[in-house]
Ligand code: AQP
């Protein structure tokens, strides 16, 4: 039976990249009637230091963003990772299956340690992909909707599952598939079309935050770095123009069309026409989300209640799978 699992780190402001690459698609998967489990991965967030009060606020805000984007806690399981201890326990088991060399090859590890002394990074940051594998495998999830940047981690999850199955001569773990679909699988920075839009980018102008107001959204798109040429008449004309391609893809994803249809409408027009149209579209899609988020944030106790109830549902699925893995690995249990 197909089962979807995915997560987001509550490590700061969620961005338009997180919305188009993840949240919007999470709601779509739920609406297709597939069993969906979504997690705020707070144990991943602390691989880089988080101010404790800020982490709590960000976790509630991310939960509000899920709900405001259409994830319905009565149809999807929605919770924060640290409330379901099976994640950390399965994480340990898989730390003992995964190899250091595999972790060393992860591009996210390389990116996050670039220009820094890797010796000074937390052990958790290095082991992050094994915990992510545990997040997925502890539900026997088969489908993992993610942005392009997470593809390598889902492939590693398959390698870890395959090694476990091989080492213990079992078919216990099903192989999860990354689902990377749509026109916005990699939304780029508004300041540099070769860099991913990221919530941890030091420049706020590089991203649209889900909490930005209409004026800020319009200003950020107006100031987005582009070349001066008008939009091309055909899709091929975007090939060597990463900034233009990014803005066209964002327009396409927000309007549920493909890039071709956007070029058919705007080809030959200048940025003076396209950027305001993009800003208007983004505001019309994001404004209802940000106002629903602020409404939900007025009642943090209700958000905590929703996450607690989701954690209970998650535990009921994860615990027997964790027990199964422990048994296969030879851990004695009371009968
Ligand atoms: N720019 C993006 N375009 C498309 N999808 C994206 N995602 C993130 N950025 C983009 C997708 O959002 C989900 C959650 O990501 P995450 O928060 O777990 O971590 P991340 O991928 O490391 O995201 P950020 O925003 O770049 O966070 P920081 O700056 O903290 O590292 C994933 O499915 C991801 O693909």
Of all residues in the range 178-194 being under 19 Å from residue 153 (Cα atoms) and part of a loop (DSSP other than H, G, I, E, B), which is farthest from the ligand (Cβ to nearest atom)? 181
Quick check on residue 313: is it farther than 15 Å from residue 73 by Cα and surrounded by fewer than 17 Cβ atoms within 10 Å (Cβ to Cβ)? no
Take the conditions surrounded by 14 or more Cβ atoms within 10 Å (Cβ to Cβ), touching a helix residue (DSSP H, G or I) at 6+ places or on another chain (Cβ under 6 Å) and closer than 18 Å to residue 206 by Cα and apply them to residue 262. Does it pass? no
Scan the range 21-37 and give yes if some residue there is within 19 Å of residue 131 (Cβ to Cβ) and away from the ligand (no atom under 11 Å from the Cβ), otherwise no. yes
Only one of these is within 22 Å of the chain's Cα centre (by Cα), within 14 Å of the ligand (Cβ to nearest atom) and in contact (Cβ under 8 Å) with a residue 60 or more places away in the chain: 209, 246, 258. Name it. 209
Does residue 11 meet the test of being within 12 Å of the chain's Cα centre (by Cα), surrounded by fewer than 24 Cβ atoms within 10 Å (Cβ to Cβ) and near the ligand (Cβ under 9 Å from one of its atoms)? yes
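Every number here is computed from the coordinates shown, using simple stated rules; none is lab data. The model shown is predicted, which means the values in this text are computed figures rather than measured ones. Every residue, glycine among them, receives a Cβ derived from its backbone with ideal geometry; neighbour counts consider all protein chains shown.
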